[in-house]
Amino acid sequence: MKLSERHEYILDKVKALGHIYVSELSEELQVSPVTIRKDLTVLEDRDLLFRTHGGASLQNPYIREKRVSEKIHLNYPEKLKIAKKAREMVKPGDSLLIGSGTTLSIFANQIKNINDLTVVTSSLQVALDLTDNPTNNIIILGGTLRNTSASSIGMIAEQMLDQYVCSKLFLSVDGIDVQRGMTTASTYEASLNRRMIQSADKLIALVDSTKIGKISIGKIGAIQSIDCLIMDRPESESTIQEWNSFGFTVNWV
């Protein structure tokens, strides 16, 4: 296959799937991974795709921050499936720590009929959804209100976490990457999320598959800190195999 034909094949595939992997392309095109990486670099220099760890994406992996009102409509069916699966991990009487984000707002709506929950959260929307059930004890972290996520951040919120130990932390992120780990668009929220991980026995990450390979400025932690990942199934079988190999539980929905 000629160089131009190989580049055309790569571009057609990334346009169809949104994300491609060096290992798959190497096998399909019967050339070395080094050759594929060079091809991706050339195509990135032409602004035709973006290099990511292990492959390439049609969209820039570096995330700009969006408001809650904008994000709530993105990938809603997938987020709902993730939230319903996460609900299975909540039992009456549980003590939960819940972060902020649209996926977690959907999750809160799913668990509000479970009785006798004690929930510590930074999210105003999560708190409001759960107060519909009078048997629940809701503790909202204080501090500075982050407008884009309608959640609290800052030193006061972090200091409050020192008073609590919860059995499970449900956390959503803006990006999840094998090399860069879990990231979010706010360094302040990332700092709070790191403190949340310290205050919980188990970290359950609720992440839709469009976040794979995305990177943002605020580093939350390595993927090895995850105990259970709940995610909708991506189209690439190699992606599924890769994430199944990391040693934590992955529930595909």
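For this structure, a couple of remarks:
- Qualifying residue in the range 90-98 (condition: in the same structural domain as residue 193 (by TED's automatic domain parsing), free of Cβ contacts under 8 Å to residues at least 24 places away in the same chain and not hydroxyl-bearing (Ser, Thr, Tyr)): yes
Conditions tested, residue by residue: (1) closer than 15 Å to residue 239 by Cβ; (2) without any contact (Cβ under 8 Å) to a residue 12 or more places away in the chain; (3) out of contact with any strand residue (DSSP E or B) (no Cβ under 6 Å at 6 or more places or on another chain); (4) buried (at least 18 other Cβ atoms within 10 Å of the Cβ).
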residue: 2; (1), (2), (3), (4): no, yes, yes, no
residue: 19; (1), (2), (3), (4): yes, no, no, yes
residue: 32; (1), (2), (3), (4): no, yes, yes, no
residue: 40; (1), (2), (3), (4): no, no, no, yes
residue: 43; (1), (2), (3), (4): no, no, yes, yes
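- Residue that is touching a Pro at 6+ places or on another chain (Cβ under 7 Å) and more than 21 Å from residue 191 (Cβ to Cβ), where the choices are 109, 115, 133, 137: 115
- With respect to (1) buried (at least 19 other Cβ atoms within 10 Å of the Cβ); (2) touching a Gly at 6+ places or on another chain (Cβ under 6 Å), the lone exception for residue 181 is condition (1).
- Answer residue from the range 78-102, given it is out of contact with any Asp or Glu (no Cβ under 7 Å at 6 or more places or on another chain) and among the β-branched types (Val, Ile, Thr) and is surrounded by the fewest Cβ atoms within 10 Å (Cβ to Cβ) among those: 90
- Wholly enclosed helices (runs of 4 or more DSSP H) of the range 19-130 bearing at least 3 residues charged (D, E, K, R) and modelled with pLDDT of 95 or more: 76-87
- Qualifying residue in the range 107-129 (condition: among the acidic types (Asp, Glu), surrounded by 15 or more Cβ atoms within 10 Å (Cβ to Cβ) and under 24 Å from residue 211 (Cβ atoms)): yes
The values are calculated or read from the model by the stated rules, or taken from the named source; none is laboratory data. Keep in mind that this is a model prediction, so the values were computed, not measured. When we count neighbours, we look across all protein chains shown, and the Cβ atoms used for this are built from the backbone with ideal geometry, even at glycine.
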